[in-house]
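Visitor: Structure below; questions to follow.
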Amino acid sequence: MKGSLLLIEDDRQLASVVGRHMERTGFTVKTVHSGEDAIEALKANSDFDAAIVDIDLSLGGGDMDGIDVARAVYYQSDAVCIMLTAFSHQEYGDQSYALGAKAYIQKSNPDFIPMLKNTVGALLELKTTKTSSTLSCGNLKLNLHNQRVSEGDDRLDLSPMEFKTLLALMKQCQEAVSKDDLHLSLYPNPDPDNAPPLSIIESYISTLRKKLKVSKIDTVRGVGYRLMPEDDS
């Protein structure tokens, strides 16, 4: 088993132990101790195969927690996300799974390291068999490799930012995506003093709506937007 792994754990001693075990399994491991450092690592390399994210990052010295990091992993990479936690499943499990986490492993389990290795291996094997370069939502197709988008027989000419916006919506086809999450997918770790305003999302949505032939983007009041595969009006 080989691949690249991003490990986000604020307990440095535990991070060292987990990192060594994963390296012995065959992974190349990048270890960070705060959410902010995780964002920087994702900016430098969005091609991690998996990310192990501790829910509580209070010892890391930053303001982000594991839920924030899981959101960034979901929108900035294709890594399989596994949450590592001292909390119960009920406290943060639902939030984690909603953000694409595939497993939620408790550190209180004395066998959590073997469980973690087996879980990562099984998830990556499943990912390998299902990996596709194309996302679909109805007759809307988006090719991740050549960045071409088509709707039926029509090819859509999109700007890079329109492509990224549509990609974020297609990842959750027929589900609501918040403006904050769309902004994060377009501008990961922006400079706080020069970050584009949240309202810029409305501009990209407006131009996408004009270019889509059959599919439509609904406004979800108080949340954000939802991509629907066909116009039922």
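The values are calculated or read from the model by the stated rules, or taken from the named source; none is laboratory data. In this text, all values refer to a predicted model and were calculated from it rather than measured experimentally. Cβ: placed from backbone, ideal geometry, glycine included. Neighbour counts: every protein chain shown.
Visitor: Scan region 15-33 for residues that are buried (at least 18 other Cβ atoms within 10 Å of the Cβ), in contact (Cβ under 8 Å) with a residue 40 or more places away in the chain and β-branched (Val, Ile, Thr) and jot them down.
Guide: VAL18
Visitor: Going by the conditions given, is PHE87 in a loop (DSSP other than H, G, I, E, B) and modelled with pLDDT of 90 or more? Even if it seems obvious, please write down each step before you answer.
Guide: Details: in a loop (DSSP other than H, G, I, E, B): yes; modelled with pLDDT of 90 or more: no.
No: the conditions fail for PHE87.
Visitor: Of the residues GLU230, GLU162, which is under 21 Å from SER46 (Cα atoms) and in contact with a strand residue (DSSP E or B) (Cβ under 9 Å, 6 or more places away or on another chain)?
Guide: Just one listed residue meets the conditions, GLU162.
Visitor: Sticking with this structure for a sec: In region 45-84, which residues are in a helix (DSSP H, G or I) and under 15 Å from the mean Cα position of the chain (by Cα)?
Guide: If the condition is that a residue be in a helix (DSSP H, G or I) and under 15 Å from the mean Cα position of the chain (by Cα), then GLY66, ILE67, ASP68, VAL69, ALA70, ARG71, ALA72, VAL73, TYR74, TYR75, GLN76 are the ones that fit.
Visitor: Looking only at region 42-59, which residues are crowded, with 18+ Cβ neighbours inside 10 Å and over 21 Å from ILE113 (Cα atoms)?
Guide: LEU42
Table: residues versus (1) among the small types (Gly, Ala, Ser); (2) farther than 21 Å from LEU186 by Cβ; (3) out of contact with any Ser or Thr (no Cβ under 8 Å at 6 or more places or on another chain).
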| residue | (1), (2), (3) |
| --- | --- |
| LYS117 | no, yes, no |
| LEU126 | no, yes, yes |
| CYS137 | no, no, no |
| LEU140 | no, no, no |
| GLN147 | no, no, yes |
| SER150 | yes, yes, yes |
| LEU167 | no, no, no |
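Visitor: What are the residues in region 130-171 that are loosely packed, with under 12 Cβ neighbours inside 10 Å and in contact with a helix residue (DSSP H, G or I) (Cβ under 6 Å, 6 or more places away or on another chain), if any?
Guide: Scanning region 130-171 gives no hits.
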